[in-house]
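These notes are about the structure you will find just below.
The values are calculated or read from the model by the stated rules, or taken from the named source; none is laboratory data. The structure presented is a predicted model; accordingly, all values stated were derived computationally and were not measured. Because the Cβ atoms are built from the backbone with ideal geometry, glycine has one as well, and the counts that use them run over all protein chains shown. Note: accessible area is taken over every heavy atom of the protein model, side chains too, but ligands, DNA and RNA are not part of it. Shrake-Rupley method; radii C 1.70, N 1.55, O 1.52, S 1.80 Å.
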Amino acid sequence: MKLKIFKKLLNRYHHQEANEAERELVDSWYASFGEDQDIEPLQDSTKKRELRNSMHAHITKKINSGPGIRIRMIPYLKVAAVLLLIGTVAAYCYQNFFLPVEELVKYTYVSAGQGKMKKLTLPDSSELWLNAGSTLHYNAAFTKGKSRVIILDRGEVFFEVKPDKNKPFIVHAAALQTRVLGTSFNIRSYEEIDEVKVTVLTGRVQVNHKNKLLGVLLPGQEIVYHKKTDSATTGSVNASQSNAWINGETYLRQASFNELALSFKNKYNITLIAGNKAVKEYRYSIKLDQTTPIEHIVKAICSIHQSKYRRHGDEIVIY
């Protein structure tokens with residue numbers, strides 16, 4: 001994490017303006033301070049607590065007094081420099097040891113390329129499946145905070161969450177926060193598509209938009225959040241279809257042309273182009289799979305609205 005970004009994060013945290021993911025990041029770092037380091041004072045819980053409190057006091061003082069750089073020595077701990085300041089970030093360690101901010105706060109990034117899916121097992125044994133074109137990240141200290149937080153940057157992910165009543169599992173996708181204890185659910189959030197969908201297969205899921213509760217979903221229910229209108233709808237769906245893409249089948253229900261084209265690109269690495277305004281505004285309900293020839297699928301799409309198509313290499317224009 002860049003120093004400037006970390007600086008802003010500390011300011012937001014101190015002034016109670018940080019969101020849940022940001023608070024979790026700072027809390028996790030404090031909670032994990034000194035772990036995996038063979039430093040005798042940090043193995044003493046009392047001294048470790050004093051050290052952490054001292055760091056927090058200096059952070060607060062520096063935030064309130066403005067920018068600057070100052071490193072204070074602490075002889076009794078025999079460490080060289082540990083102050084997390086607005087102007088710089090250092091860590092308490094033994095003689096002349098300096099830990100940059102990139103080492104203090106680490107993220108693990110996971111992506112699935114076009115035409116590929118990826119299965120991921122998290123440190124808490126929860127299992128995730130990333131659909132093609134998806135990216136997420138999480139704090140490397142994933143299990144050390146008060147909750148387990150995932151940031152879905154873009155794409156679609158199916159979650160099978162390991163139950164832990166003491167640590168809620170939270171997924172941030174666009175403007176939505178999905179919170180569970182242990183369940184299975186699917187989230188679809190691509191920046192090219194207006195809709196963000198949360199669908200529940202088992203258990204119960206709470207979905208919030210910022211600090212507003214959108215609903216608590218049971219199996220077979222789905223929330224669709226519309227980014228353009230900042231509105232949401234809740235309904236019943238065939239939940240088993242929402243994660244059928246894991247087995248190579250993608251079900252589109254009244255999908256926009258953008259969603260259809262994105263699914264085509266991710267699944268087949270083929271670009272769909274709307275040849276006229278009508279094609280762009282139509283809605284499409286169709287199943288895409290890996291076994292049906294592309295030409296047959298395109299003909300089926302065209303038959304929905306009596307359209308035609310022409311193909312040039314990896315581009316298909318529907319008109």
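Rolling a 1.4 Å probe across the protein heavy atoms gives region 160-319 an accessible surface of 50 Å² per residue.
A DSSP coil position with no more than 11 other Cβ atoms inside 10 Å describes the following trypsin sites (Lys or Arg not before Pro) in region 185-222: Lys210. Sequentially through region 189-197, phi angles give Karplus couplings (6.51, -1.76, 1.60; θ = phi - 60°) of 8, 10, 5, 6, 10, 5, 8, 10, 10 Hz, Gly and Pro residues having no value and appearing as x.
How much length is gained on full extension from Arg179 to Lys280, taking 0.36 nm per residue of separation minus their Cα-Cα distance? Don't jump to the answer; show the numbers that get you there.
Working: separation 101, 0.36 × 101 = 36.36 nm, distance 3.49 nm.
Gain in length upon complete extension: 32.9 nm.
Here the 3J(HN,Hα) profile of region 244-259, calculated from phi with Karplus coefficients 6.51, -1.76 and 1.60 at θ = phi - 60°, is 5, 4, 4, 9, x, 10, 10, 9, 9, 10, 6, 7, 6, 5, 4, 5 Hz, Gly and Pro shown as x. A straight line joining the Cα centroids of region 209-223 and region 106-152 runs 22 Å. Each residue was assigned an accessible area with a 1.4 Å probe, and for Ser147 the value is about 10 Å².
Taking amide H as placed 1.01 Å from N in the peptide plane, Ile273 has its amide H under 5 Å from the amide H of Ile316, Val317, Ile318, each at least 5 places away in sequence or on another chain. The figure for Arg283 is an accessible area of roughly 100 square angstrom, using a 1.4 Å probe on the protein chains alone.
Going from the alpha-carbon gyration tensor of region 173-257, what semi-axes, largest first and in whole Å, does one get by taking the root of 5 times each eigenvalue?
Numbers: eigenvalues 69, 60, 22 Å².
After diagonalising the Cα gyration tensor, the semi-axes are 19, 17, 11 Å.
Out of every Cα-Cα pair that region 243-282 contains, those further apart than 13 angstrom amount to 55 percent.
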